[in-house]
Amino acid sequence: MTTTTLHSRTDMRLGLAVTLAVAAFLIGPVVLSILAGLTRNYFVGLSSGFTLRWVAQVWDLYADTIWRSLAVAVSTLIVCTLAGVPAAWVLTLYRGRVARALEELLTLPVAVPGLASALALIVSWGTLPGLRGSTAFIVIGHVLFTLPFMVRAARASMSGAGLAVLDEAAATLGASRLRRFLTIVVPNAAPGIVTGGLTVLTLSIGEFNLTWLLHTPLTKTLPVGLADSYASMRLEIASAYTLVFLLMLMPLLVGLQWLAGHGQRRARRAARPGSPE
């Protein structure tokens with residue numbers, strides 16, 4: 001066995017050990033929180049037995065926040081997709097100073113603290129009749145925060161695929177701007193769009209800072225309800241709320257990851273010479 005092989009195996013084991021340590025550091029607290037939500041008495045420990053009582057109590061107390069968070073996240077995703085994908089395509093086609101300035105302006109809300117953005121929204125739009133106390137006001141705040149992530153992800157996919165050349169070729173053949181966008185740009189940029197959608201969805205569901213200032217007692221979302229439960233309920237109920245949060249979020253993450261992987265596989269097959277696609 002050569003020295004190079006020994007060093008390679010040592011590096012592999014060291015890398016595996018570091019990866020497992022980081023995974024344990026990240027996943028360990030989540031596992032403990034889930035167990036706390038399933039035990040009869042957290043302070044006694046697992047010996048007190050398991051129960052779904054706390055999960056049922058969370059559902060009775062906070063079911064409205066769960067459905068509201070899903071509605072806000074889906075609405076945010078729709079708006080960001082309809083606005084962000086065309087914006088990303090415009091920034092891809094036009095790469096001058098104006099385009100760079102617009103891109104910097106789009107990313108500005110990410111650099112501003114969520115509470116400051118929420119306060120700016122309240123000052124500028126909070127006086128409109130019916131808007132301040134509605135769920136739509138929270139959607140506006142989430143769109144402001146998550147739109148840059150959709151634009152960046154979609155633009156990276158569009159730039160890497162060289163779609164500007166394909167778009168120009170289709171234009172010379174007489175295809176309209178809308179047809180070129182729907183049949184060339186969107187399908188080829190689908191992996192980036194799905195990645196942006198995954199980011200928007202997860203950020204919207206878990207967003208707390210901005211939502212905390214925008215919400216009212218009648219428009220409370222899941223993260224705000226989670227904070228309230230940790231502040232005013234038993235630790236088991238708050239931990240069960242975390243479990244419900246994960247059960248709601250994980251299927252969405254897995255589904256969107258599958259869509260992203262499926263889109264990448266289709267793109268690779270289509271890029272192969274002689275591919276039927």
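The values are calculated or read from the model by the stated rules, or taken from the named source; none is laboratory data. Since the structure is predicted, the reported quantities are computational estimates derived from the model, not experimental observations. FYI the Cβ positions are ideal-geometry reconstructions off the backbone, even for glycines, and counts take in every protein chain you see. The accessibility values were calculated without ligands, DNA or RNA, using every heavy atom of the protein model including side chains. Shrake-Rupley method; radii C 1.70, N 1.55, O 1.52, S 1.80 Å.
Residue by residue, here is whether (1) part of a helix (DSSP H, G or I); (2) outside the structural domain of residue 121 (by the TED database); (3) within 30 Å of residue 248 (Cα to Cα) holds:
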residue: 139; (1), (2), (3): yes, no, yes
residue: 175; (1), (2), (3): no, no, no
residue: 185; (1), (2), (3): yes, no, no
residue: 199; (1), (2), (3): yes, no, yes
residue: 205; (1), (2), (3): yes, no, yes
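Might you let me know whether segment 155-171 holds any residue that is within 18 Å of the chain's Cα centre (by Cα) and either modelled with pLDDT of 85 or more or open to solvent by 50 Å² or more (accessible area, probe 1.4 Å) (or both)? Yes.
Might you let me know whether segment 108-129 holds any residue that is closer than 16 Å to residue 210 by Cβ, touching a helix residue (DSSP H, G or I) at 6+ places or on another chain (Cβ under 7 Å) and at pLDDT 90 or above? Checking segment 108-129: not a single residue is closer than 16 Å to residue 210 by Cβ, touching a helix residue (DSSP H, G or I) at 6+ places or on another chain (Cβ under 7 Å) and at pLDDT 90 or above. Each residue in segment 206-222 was checked for being under 19 Å from the mean Cα position of the chain (by Cα), surrounded by 23 or more Cβ atoms within 10 Å (Cβ to Cβ) and not charged (D, E, K, R), and 4 of them qualify.
Determine, yes or no, whether residue 44 is open to solvent by 80 Å² or more (accessible area, probe 1.4 Å) and either among the β-branched types (Val, Ile, Thr) or under 30 Å from residue 106 (Cα atoms) (or both). In short, yes.
Does residue 66 meet the test of being under 18 Å from the mean Cα position of the chain (by Cα), under 17 Å from residue 207 (Cβ atoms) and at pLDDT below 85? Taking the combined requirement at face value, the residue satisfies it.
In this entry, residue 124 is excluded by the filter for residues that are in contact (Cβ under 8 Å) with a residue 12 or more places away in the chain and out of contact with any Leu (no Cβ under 8 Å at 6 or more places or on another chain). Residues that are surrounded by 14 or more Cβ atoms within 10 Å (Cβ to Cβ), small (Gly, Ala, Ser) and farther than 22 Å from residue 147 by Cα within segment 172-197 comprise just one, 175.
With respect to the conditions (1) in a loop (DSSP other than H, G, I, E, B); (2) in contact with a helix residue (DSSP H, G or I) (Cβ under 7 Å, 6 or more places away or on another chain); (3) hydroxyl-bearing (Ser, Thr, Tyr), residue 76 falls short on a single one, namely (1).
Residues that are open to solvent by less than 30 Å² (accessible area, probe 1.4 Å) and closer than 16 Å to residue 143 by Cβ within segment 47-81 comprise 69, 72, 73, 76, 80, listed in sequence order.
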